[in-house]
Amino acid sequence: MIQRVNLKVNGQDHQLDIPARRLLVDCLRYELGLTGTKEGCSVGICGACTVLIDGEMAASCITLAAAVDGAEITTIEGLAGEDGRLHPVQQAFIDHGGFQCGICTPGQVMAAKALLDQNPSPTEDEIRDWMMGNLCRCTGYYGILDSVVKAAEASETSRGANASNNAQ
Amino acid sequence: MIDFEFHSPTTLEEAFDLLEQYGEDARVIAGGTALVLQMKQRFAQPGHVIGLRKIPGLNSIAIEAMGSNGDTGSVRIGALCTQRSIEYSEIIGQKLPLVAETFRRVATPRIRSMATIGGGLVHGDPNQDPPPTLIALGASAVLTSSRGQRVVPVAELFLDYFETDLRPGEILTSVVVPQAPPGSGAAYLKFLPRTADDYATVSVAAVVTAGEDNMCRDVRIVLGSVGVTPVHASDAEDSLRGRPLNEENIRACAAMVSDLVDPLDDYRGSAAYKREMAQVFTRRAIQQAMAAMSPEKNKD
Ligand SMILES: Cc1cc2nc3c(=O)[nH]c(=O)nc-3n(C[C@H](O)[C@H](O)[C@H](O)COP(=O)(O)OP(=O)(O)OC[C@H]3O[C@@H](n4cnc5c(N)ncnc54)[C@H](O)[C@@H]3O)c2cc1C
Ligand code: FES
Ligand code: FES
């Protein structure tokens, strides 16, 4: 059955008339053309489809779009600033070998962003624990771990710089 | 997935009306982590799916009045609380550390951000982590319908494989979990020989209360992944209650568990292996629960 669903995706409001059975991952990719979100396992295990729903990380492959009517969704396309500047997590993945083939990367980056939003200075163990549900066949994970560590450090430095700018 | 209609009631009354109207053809959905998978695989094919997300008041965590003896209380957890919100709740961390620890063992942080305590219980999967702990602590599920409320011990909620005592028209609205009695220690062990995000091969929750002279005043032992429902090992408990908590008695108690469980052969291990592991992990859970008995912890 076709139903009206309202979603705010990356800050933009969308009013969609879609079948009730439409999964969020398909809605993002096909209705909205946001193909950055990938689908891997389709059963909630691999993390390729990770997006943020009202700030919490979620598997869009097992989420009905209709079930999150009215929610704010953030996808990989929503991370860079308006001037095109990459989010510190994205930059860190490029600078520190966080990906090879790239299929898992949007999910890894979204999971890492969710972590740093809630815990800006995680320990390595906390990062490993948080990211355990984002699988990668290529990197062996060390590059990913390193990228998240460096992203946290970079955010800290920029926060520090902002604080001292504000103080001046 | 077959086609269906999605409903988003904003009050419980509205949800009850929808359940009444569509009967067997309706299913409620909370986090959706179990139901959407079942719908994808066509194990579930509801014509009407009723979302609970927009009903306010189902996701709070609050301390209930103290128990009759004045020193332990309970915590009421709203059915829509996500597993992650329970894991991180300050109230849960203080009053029910075993519950926080148990929810932390479920799946991955992403699934825990979506899945709810109510959805997990009604799903009725005997391989889940929370049920053994909730049963060992003596938790109850509050089932609400247009006809009123039933309070069912979580131990009695599970009837069979993926089958619960939830009756037509009912919605699980909260779970009430008593604090462990003073002088007790608790542990939840999840045996994971494969990967950290897997379901348990065998899991055990144990709550041990010691009396004078290291006597076992009370003990609760509940196992997961070893039968069609969580298994409450009451015969094994009886063998330890009233006896000294020494190595010999603990071993004897744990040995009884092998005969109380009825595991399946699957890719996590043969039934015989799981029987053996049920015994080993019960012994360890009792020992760990005893090690967790610190007088400091039991003060509040
Ligand atoms: C990849 C993956 C890994 C997992 N690993 C683990 C694990 O390691 N350990 C573990 O314990 N669990 C695990 N799970 C299972 C998970 O805990 C359950 O899927 C989850 O708890 C279900 O909660 P939900 O809110 O998503 O329920 P839903 O999917 O929304 O609903 C589940 C069922 O409950 C019913 N329902 C939901 N809420 C209510 C309510 N309030 N009243 C009445 N009926 C209701 C629905 O109709 C449905 O039948 C895993 C799941 C996935 C997808
Ligand atoms: S595609 Fe969603 S978790 Fe794998
Ligand atoms: S970079 Fe290829 S799967 Fe992760």
Can you pull the percent of the range B:82-193's accessible area that's carbon plus sulfur, 1.4 Å probe, other chains left in place? 51
Between B:Leu172 and residues 5 or more places away or on another chain, which pairs have amide H atoms under 5 Å apart, with H built 1.01 Å from N, and which residues are they? B:Thr144
Which whole number gives the average, over all residues in A:105-114, of C-beta atoms from other chains lying within 10 Å of the residue C-beta? 1
Averaged over its residues, how many other protein chain Cβ atoms are within 10 Å of peptide B:29-35's Cβ atoms? 4
Among the residues of the range A:69-94, which ones have their accessible area go down by 40 Å² or more when all the protein chains sit together, as opposed to their chain alone (1.4 Å probe)? A:Asp69
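Note the buried accessible area between B and A here, summed over both chains, with a 1.4 Å probe, in Å² to the nearest 100.
Approximately 2500 Å² gets buried when B meets A.
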Where does the charge balance sit around B:Leu192 when Lys and Arg score +1, Asp and Glu -1, over other residues with C-beta under 12 Å from its C-beta? +1
Going by average Cβ neighbours within 10 Å, how do the peptides B:83-91, A:55-63 rank, with the highest at the top? A:55-63, B:83-91
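Please report the net charge: other residues with Cβ closer than 10 Å to the Cβ of B:Pro168, K and R +1, D and E -1.
-2
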Which of the listed residues, A:Phe99, B:Gln128, B:Ser174, is farthest toward the dipole's positive end in the protein assembly as shown, when Lys, Arg count +1 and Asp, Glu count -1 at the beta-carbon? A:Phe99
I'd like the Karplus ³J(HN,Hα) series for the range B:235-247: coefficients 6.51, -1.76, 1.60, θ = phi - 60°, whole numbers in Hz, and an x wherever there's a Gly or Pro. 5, 5, 4, 4, 5, 9, 4, x, 10, x, 7, 10, 3
Would you mind classifying the range B:61-178 by shape? Square roots of the alpha carbon gyration tensor eigenvalues, ordered a ≥ b ≥ c; an a/c under 1.5 is rounded, otherwise it is prolate if a/b is larger than b/c and oblate if not. oblate
In debye to the nearest 20, how big a dipole does the range B:82-130 give about its Cα centre with +1 on each Lys and Arg Cβ and -1 on each Asp and Glu Cβ? 120
By the Cα gyration tensor axes a ≥ b ≥ c (a/c under 1.5 gives rounded; else a/b larger than b/c gives prolate, otherwise oblate), the shape of the range B:151-286 is oblate
Mind putting a number on the dipole of the range A:1-129 about its Cα centre? Charges go on the C-beta only, +1 for Lys and Arg and -1 for Asp and Glu, and I need it in Debye to the nearest 20. 420
About the Cα centre of the protein assembly as shown, what is the dipole size in debye to 20, counting +1 per Lys and Arg Cβ and -1 per Asp and Glu Cβ, all else neutral? 440
Residues whose placed amide H lies under 5 Å from that of B:Val28, excluding near-sequence neighbours: B:Ile50
Near the amide H of A:Leu23, under 5 Å away, which other amide H atoms are found, from residues 5 or more places off or on another chain, if H is placed in the peptide plane? A:Ala65
Take the cross-link list B:Lys54/B:Lys190; A:Lys113/B:Lys54; B:Lys95/B:Lys190; A:Lys113/B:Lys95 and give me the ones stretching past 28 Å between alpha-carbons. B:Lys54/B:Lys190; A:Lys113/B:Lys95
Describe numerically, in nm with one decimal, the distance between label points set 7 Å from Cα along Cα→Cβ at A:Thr123 and at B:Asp262. 4.4
In sequence order, what are the phi-derived ³J(HN,Hα) couplings for the range B:259-269 according to the Karplus relation 6.51 cos²θ - 1.76 cosθ + 1.60 with θ = phi - 60°, rounded to whole Hz, with x for glycine and proline? 8, 8, 9, 9, x, 9, 6, 7, 6, 8, x
Can you tell me the mean projection area, over all orientations, of the convex hull of the protein assembly as shown's alpha carbons? Units nm², please. 24.7
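Count charges around B:Val106 for me, please; just the other residues with Cβ under 14 Å from its Cβ, Lys/Arg as +1, Asp/Glu as -1. It would help to have the intermediate numbers written out before the result.
Values: positive: B:Arg84, B:Arg104, B:Arg105, B:Arg110, B:Arg112, B:Lys190; negative: A:Asp129, B:Glu87, B:Glu101, B:Asp125, B:Asp129, B:Asp197, B:Asp198.
Summing Lys and Arg as +1 and Asp and Glu as -1 gives -1.
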Compare the peptides B:278-284, B:144-150 by average per-residue count of other Cβ atoms within 10 angstrom and give them in order, highest first. B:278-284, B:144-150
Enumerate the calculated ³J(HN,Hα) couplings along the range B:89-98 in order (Karplus 6.51 cos²θ - 1.76 cosθ + 1.60, θ = phi - 60°), each rounded to whole Hz, writing x wherever the residue is Gly or Pro. 5, 5, 4, 5, x, 7, 8, 9, x, 5
Straight-line reach from A:Lys150: which aspartates and glutamates fall under 12 Å, measuring Cα to Cα and dropping same-chain residues less than 8 apart? A:Asp95, A:Glu124
Taking 1 over the mean of 1/r across every pair of different Cα atoms in chain B, what Kirkwood radius in Å do you get? 19.8
Per residue, how large is the accessible surface of chain A? Use a 1.4 angstrom probe and give square angstrom. 47
Give me the inter-chain shielding for A:55-65: mean count of other chain Cβ atoms within 10 Å, whole number please. 6
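The values are calculated or read from the model by the stated rules, or taken from the named source; none is laboratory data. A quick note: this is a predicted structure, and the numbers were derived from the prediction, not measured. Positions of Cβ are generated from backbone atoms using ideal geometry, with glycine treated the same way; all protein chains shown enter the neighbour counts. Just so you know, the surface numbers come from the protein's heavy atoms only, side chains and all, with ligands and any DNA or RNA stripped out. Shrake-Rupley method; radii C 1.70, N 1.55, O 1.52, S 1.80 Å.
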